[in-house]
Amino acid sequence: SNANNFSTVNAGTTWTTNSAAFTVAYTVQGLGFNGGSFAAVAFGDRIGYAQASLNWAPATVNPANPFVQDLAVTPLGVNGFAACGIQGDIHISTNGGQTWNPSRGFAFGNPDLSGIASDGGVNLVCVGTGGTIYTSADSGATSTWPSANSHTTAKLNAVAYTGSGFIVAGDGGLILT
């Protein structure tokens, strides 16, 4: 067992029910860990957070919007998170997932965003429908998220940082670097 009270012995072979991220049985779409905190995102602008004890609590999401559905979350900085979802929504938390503020606003007609990743510093990449790739070079601090040309209209589902750049996975087995 390590300092965060998580078992490291079984390498993922043994699982125990701990608790629920939400008081209602919402489907958790994304889960992240950063600096001793967890964040879970779900439909209806639901975001939960927990410290190492795994006692989950609802986060404060500004502004509240029942149409929002976050689909992915990534660690950001020392104790923060970034989450993305439908209709172009991107939220940022700088306090362990307790409070979330808009970085890129939800708006009908915007592409759905299904994956987000950080380089461990200030750079974020977010991907989604229609080959959408948005980038931020300031940890999502401003609402400026320039789009990058993916040269595809395929749905992009996930993005990860490789240590020297980003890799994206999309429909039909598509991989972009």
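Rolling a 1.4 Å probe over the protein heavy atoms gives the chain an accessible area of 50 Å² per residue.
Only Cα pairs under 8 Å and 6+ residues apart enter the sum, and on that basis the relative contact order of segment 55-115 stands at 33 percent. Taking the accessible area of segment 1-147, probe 1.4 Å, and keeping the other protein chains in place, the carbon and sulfur fraction comes to 55%. Considering Cα pairs under 8 angstrom that are at least six residues apart, work out the relative contact order of the chain and quote it in whole percent. Reported relative contact order: 13 percent. Using a Gaussian network for the chain with springs between C-alpha atoms less than 10 Å apart, which of these wobbles most: 23, 129, 99? Greatest mean-square fluctuation among the candidates belongs to 23.
Among 21, 42, 154, the residue with the largest mean-square fluctuation in a Gaussian network model of the chain, with springs joining Cα atoms closer than 10 Å, is 154. Most tightly packed first, judged by the mean number of other beta-carbon atoms within 10 Å of their residues, the peptides 109-115, 11-17 read 109-115, 11-17. Count charges around residue 146 for me, please; just the other residues with Cβ under 14 Å from its Cβ, Lys/Arg as +1, Asp/Glu as -1. Cβ neighbours under 14 Å give a net charge of 0. Counting only heavy atoms of the protein chains and using a 1.4 Å probe, residue 175 has close to 100 Å² of accessible surface.
Compactness of the chain is given as radius of gyration and Dmax, 16.0, 47 Å, from Cα positions.
The values are calculated or read from the model by the stated rules, or taken from the named source; none is laboratory data. As the structure is a computational prediction, the values presented were derived from the model and not from experiment. When we count neighbours, we look across all protein chains shown, and the Cβ atoms used for this are built from the backbone with ideal geometry, even at glycine. Accessible surface areas use protein heavy atoms only, side chains included; no ligands, DNA or RNA. Shrake-Rupley method; radii C 1.70, N 1.55, O 1.52, S 1.80 Å.
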